[in-house]
Structures are given as C-alpha cells and as structure tokens.
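Let me begin by presenting the structure, written as structure tokens, before commenting on it.
The values are calculated or read from the model by the stated rules, or taken from the named source; none is laboratory data. What you see is a predicted model, and the numbers here were worked out from it, not measured in a lab. Don't worry about glycine lacking a Cβ; one is built from the backbone with ideal geometry, like all the others, and counts go over all protein chains shown. When the accessible area is computed, the model is the full protein with side chains, heavy atoms only, and any ligands, DNA or RNA have been set aside. Shrake-Rupley method; radii C 1.70, N 1.55, O 1.52, S 1.80 Å.
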Amino acid sequence: MECPHLSSSVCIAPDSAKFPNGSPSSWCCSVCRSNKSPWVCLTCSSVHCGRYVNGHAKKHYEDAQVPLTNHKKSEKQDKAQHTVCMDCSSYSTYCYRCDDFVVNDTKLGLVQKVREHLQNLENSAFTADRHRKRKLLENSSINSKLLKVNGSTTAICATGLRNLGNTCFMNAILQSLSNIEQFCCYFKELPAVELRNGKTAGRRTYHTRSQGDNNVSLVEEFRKTLCALWQGSQTAFSPESLFYVVWKIMPNFRGYQQQDAHEFMRYLLDHLHLELQGGFNGVSRSAILQENSTLSASNKCCINGASTVVTAIFGGILQNEVNCLICGTESRKFDPFLDLSLDIPSQFRNKRSKNQENGPVCSLRDCLRSFTDLEELDETELYMCHKCKKKQKSTKKFWIQKLPKVLCLHLKRFHWTAYLRNKVDTYVEFPLRGLDMKCYLLEPENSGPESCLYDLAAVVVHHGSGVGSGHYTAYATHEGRWFHFNDSTVTLTDEDTVVKAKAYILFYVERQAKAGSDKL
C-alpha cells in the first residue's frame, strides 16, 4: 500500500553508523536478544523482534506514541515517528499506523537506500558469518549441531527456513519435500534459469505486491530453495523469492494469514506439474523426464495430461466401486491421486494422547480401513443408476489399483461445524518402518513381497486449535538421522519423539532394498 507516514518516520541515514555489527538477518532484538525475525526502526535504527517472536518491534512503536512531555509540539512529534520498520531478512517495509506493508518510498528514496545498505551489509558479512557459524558448529553439543557417528564427530548441514510472517505452513512442506530424495534430487539437477538480466543479474531482488512482473517460474524458485537446503553454508535461508512467486500464481495464498499446509502442498504440486508439462527453460517436458532414467513409463501416473516427475513419484490410482442396492448394477471408475485424505474414525475423536486410558489408541491402519471399507451412501449422496434410470441408494468402496513411489497420507483433522472449522486433536499411532499397503490393493497377488512396504520419510505436525491459527513444524529423516524443522531452527531428534507427534501429513517412501519388517 501507499503509506503517507514515510516522510515523518524515515529519519535515519542510509549508511547510519548506529546499525549493529554483523549480518542484518542475524541482528538481535535490543530487548530480548532474540535473533529471530529482526526488524529495524527507520526512525532511530533500533532493532527489535517481530510480532511472531516476542513482539518488541510493535511495542517499540506503541511506547513511542505515549507523549514524553506535556507540550503539544513534542506530543505531535513523538506520535509521528517510529511507525515504519524494515524486516532485516526480506527487506520488506511495514507501517504500524497503516497496519500494512509499504510499497512506496520517500521523495529522496531513503527506504530503498536503507534496503540497499542492509543488503550490502548482509553480503559483506556473509564470509565472516559463515566462518563464525562453522566454528560454533564445531564446538556445540550433540543436541544442538554435532553428532558422534562411528567414533567421529559430524556437523549438521541442515538449513532452516525463515518465517516471513505466518509462513510456517510453507516451511514445513518445503522441508518435508526436501527430504524425499528422488523428488528433491530431480529438481536440484535441473538447469538454472536466469530470470533477471542486465545490472540486476545474479543480485537479490526485492519484490512487492504491486509489481507487474509476470516472468516468474515456480520450478526455478523451488529448485533454488531446495539447493539452499542441506548445503551447510547457512543456518537459515529466507525463501522470499519463492513466496513472491506463490503470491503471483496462487492467489489463495496472498497475504500473511495462516494457511492450511495440506492445501498449500496440493497447490504446489499441481502447479509444479503444470509448469513442467509446458516445458522448462526451453527444454521440452519429455526431455526433462528422460533425464532421470529411474522414472520409467510403467511408473508414471498421468494427471491432467502427460506425466511429470510429480505424478511419477506421488501419483497413484484408485478404483472407485459403486453398487446400486436396488438392481445390483456395479459402476467402476479409476481416479488418479497425489495423496490420500483419511478420516479419523469417530470412535477415536476424544482420544487426545497415546497414554490416555479411555479406550484403544487410533492407528493409521484404522484410518486406512475406514477409507477403504464398504460404505453405504446417505440420502444426500444418492447414486444415479443408469439401469434404474434414477437416483438410488448404493454402496461405495475404494481400492488402490496402483501404489505411488511416495505415499502421502493426509489425516483430516479439520472439520466444519455450523460456523467454525474445528480441529480433531486425536493422537494417531503410525509406524516409522514397514507400513504394509498390500491388503488395500485391488490385485495384491500381483505384487511382490516387499513392493508394498513403505518407510516414513517426513511428518508435518500442526500445533494449536484451529486451521487459521497455531503453528506448523516438520520431522524428517536424512541419512539415517531424524531432524525437527521449526522454521529457522533445526534440531536433532530421536524416533521416540517422532512417533509421539500428532501427525497431520505423513510421507512414506516405497522400500527398495530388503530390510527388517516391523509391519503395520
């Protein structure tokens, strides 16, 4: 939005010596010393944390609105200042009086000059900051950034994702997908696309919602984000370029409200699939698929046209059987899927923890059985029988005709009531290894003994009471170790912690080599 308060609030010199030392994205709040989500006041250059940390940046603005003296002139002056601040990670500008992000500048262009100065500080501090972080990694404990493996000490190279303002839903999905090896490696090996030319080539670009640039590529920004993770050069990466593209091509996710992680994952996969179908960087879609020889034609599942890496890895096929209860006519339909959405059976809805004594624990098998069991459709879902030539009562049953390489299971934790979307907080027990899907197949006799076994790769968890609030984190396994991804913070964890999580989305990878069973 166009902010009318810039001229009275942006008072610091672009190269102010009052700025703290070091990388702006790592500056600490002057009150709580947190280095998460630092914001710099463009009136006095003081640094405070954002509203999703401890909210000291907002409190700094609110305190400045209290007059320090009884003079009207001083009161007016105080109220006019400390209203505009800048995110030290994404360099976006926010006005607390307007309560919105700012896209305009002062007549002298001070906002852009401050932004460029912060970018220069970030770039110049990068080498020293990387060296400092590596030293910290070498000296930190096993619970923070080191792990003893076969007698030697190994540093964690995991990279977190900065929260850009309620973007934890995106961060959790990106971290989960980055730990699905075949999917992640495919994108990382794609050729880079240079979307910016001339003087801005190779430089970090600041985007605003008002820009009309349509020359964006979701595949390219997704590739860049995956490449930034697990390279060990930084502890946190800011995915603002990817988020900008998401705003451009997915209007549902514009703004900074909390969003549903499952909905975002489906939009992301669908748009990646569509963009890959149309070709990428002058390379045809078929040529892209041929780059990975393991994605053979027999393993592809086409959704909305030709196959891509998205459908080759996540794509499966359901058989939907509907039987008329009056004449017995059977109707069969095959539906491709990228994930399965499973209801939590109603008898388990009040079971909130694994150790709760009132009744058995809900398991993933209960949810899968509920999905595939024979179901009589109610009066609102009457089946149009072609033999009876009218709507009749009927039964429905799902079979899995083809399993995907990566089985994505979404537990339906959010349900609409009259006016609210409530959360089902039931604990669902799930296996880390050996999820056996053979009994849910249409033709189980045609599958090998290990072709239906899946091992867990990642889990997305929603913390909180509602879809429009709360927080998302993810657990994922990488090279045999489990990690917890909480925005910019990445910590080592163990299997006991993972299995206690109240899963929202589960990513299971098809087992390739023979191993121990532990079947579900």
Among the residues of region 379-393, is any under 30 Å from VAL461 (Cβ atoms) and at pLDDT below 90? no
Scan region 167-193 for residues that are aliphatic (A, V, I, L, M) and under 15 Å from GLN259 (Cβ atoms) and jot them down. MET170, ALA172, ILE173, LEU174
Looking at region 10-20, which of the residues that are within 35 Å of the chain's Cα centre (by Cα) and at pLDDT 80 or above is most open to solvent (accessible area, probe 1.4 Å)? PRO20
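Among the listed residues ASP496, ASP487, identify the single one that is of a type outside the set (Lys, Arg), modelled with pLDDT of 90 or more and over 22 Å from the mean Cα position of the chain (by Cα). Working first, answer last.
Numbers: ASP487 fails: over 22 Å from the mean Cα position of the chain (by Cα).
Within the list ASP496, ASP487, the selection yields ASP496.
One line per residue, one yes/no per condition, for (1) within 14 Å of LYS405 (Cβ to Cβ); (2) at pLDDT 85 or above; (3) among the basic types (Lys, Arg):
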{"position": "SER296", "(1), (2), (3)": "yes, no, no"}
{"position": "CYS301", "(1), (2), (3)": "yes, no, no"}
{"position": "VAL310", "(1), (2), (3)": "yes, yes, no"}
{"position": "VAL322", "(1), (2), (3)": "no, yes, no"}
What are the pairs, 6+ residues apart or on separate chains, where a residue within region 84-109 that is without any contact (Cβ under 8 Å) to a residue 40 or more places away in the chain has its Cβ under 6 Å from a residue that is among the aromatic types (Phe, Trp, Tyr)? TYR96/TYR61
